[in-house]
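To start, the structure itself, in structure tokens.
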Amino acid sequence: MKMYKISKMKIVLYFSIFIFVSCAQRIKVPINRMMTPESIGGGAELEYQSTGFSNGVLDFSNNSTQNALLMGKVTEEQLYFAVGVSESADLFIKVPKESSSMVGLKIQLIGTPAKAATEGHSLAFTLAMGSERDTFDQVFTIDLKSDVRDYAIIHGYRLSPILLIYDGISISNYSFEGAVKGDSGLASDSIEYTAKNIIGAHGGIVLGSHSFKLKLELAMQKIAWSHTEEKVFQNFGMTLSAGW
């Protein structure tokens, strides 16, 4: 019976990842973190997340590929899957619907894992990276490659076995480079945008146990892309997760 449940969960996971990965990437950077400082403590965790992303739209005015991005904020779905590789370390993957996927590691420095649900402080750091290539249509057909580096420190305090509050800060580096395909008539077909040292801050609350929980989070982001004025965004996100 136990083997059947695990196999069924794997099928759901692989199918979900296939759906999300098959969607095209865009120039989007996550605002919400949706991660607590507690490691799993063995086992695995799967989350469905509704989170905010800052969104940069390419502008080809004056036949240029170096105009300022048209910045805004969107809410997107994201899949998060983590495996507890030790009592204090998780290996995770984030797969957004229309942004760069990331693979990372969370190391808990203070406190007990989520399965123990012990009251008190917890602290962790995360590091993640990703690299993707995709083709999509936005006025022209565009071939775009992304590279991501992401780091965060997360603090939390567990008030009870079913209530955790957390906060943290993050820094990220995103770069997109590619080309406009075909005869576009532009002055240059090359596209290159970078956003270095993106600053993020977040705080949230977790209700429930490791087997099933709800997470609510408020986050902000300060971001400046190449050729583009610095922007600040805020967003409220939420997730539903199941662990085993």
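The values are calculated or read from the model by the stated rules, or taken from the named source; none is laboratory data. All values reported here derive from a predicted model rather than from experimental measurement. When we count neighbours, we look across all protein chains shown, and the Cβ atoms used for this are built from the backbone with ideal geometry, even at glycine.
Does the stretch 211-218 contain any residue that is more than 16 Å from K28 (Cβ to Cβ), aromatic (F, W, Y) and modelled with pLDDT under 95?
no
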Item checked: Residue within the stretch 141-149 that is under 13 Å from the mean Cα position of the chain (by Cα), under 26 Å from F176 (Cβ atoms) and surrounded by 15 or more Cβ atoms within 10 Å (Cβ to Cβ) present -> yes
Item checked: Condition met for A68 (among the hydrophobic types (A, V, I, L, M, F, W, C), farther than 22 Å from S122 by Cβ and surrounded by fewer than 19 Cβ atoms within 10 Å (Cβ to Cβ)) -> yes
Item checked: Within the stretch 95-112, considering residues that are buried (at least 22 other Cβ atoms within 10 Å of the Cβ) and over 10 Å from the mean Cα position of the chain (by Cα), the one nearest to V74 (Cα to Cα) -> K106
Item checked: Residue list for the stretch 138-184, restricted to those being at pLDDT 95 or above, β-branched (V, I, T) and part of a strand (DSSP E or B) -> V148, I153, I154, I165, I169, I171
Next item on the list: Evaluate the stretch 127-135: report whether one residue or more is surrounded by 14 or more Cβ atoms within 10 Å (Cβ to Cβ), among the charged types (D, E, K, R), under 20 Å from Y193 (Cβ atoms) and touching a residue at least 60 places away in the same chain (Cβ under 8 Å).
Entry: yes
Item checked: Counted residues, the stretch 91-114 - those being assigned to a strand (DSSP E or B), more than 16 Å from E45 (Cβ to Cβ) and touching a helix residue (DSSP H, G or I) at 6+ places or on another chain (Cβ under 9 Å) -> 1
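Keeping to the stretch 32-80, report how many residues are within 13 Å of K94 (Cβ to Cβ) and assigned to a loop (DSSP other than H, G, I, E, B).
Total satisfying the criteria: 4.
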Check: Quick check: anything in the stretch 215-233 β-branched (V, I, T), surrounded by fewer than 14 Cβ atoms within 10 Å (Cβ to Cβ) and farther than 22 Å from E45 by Cβ?
Finding: yes
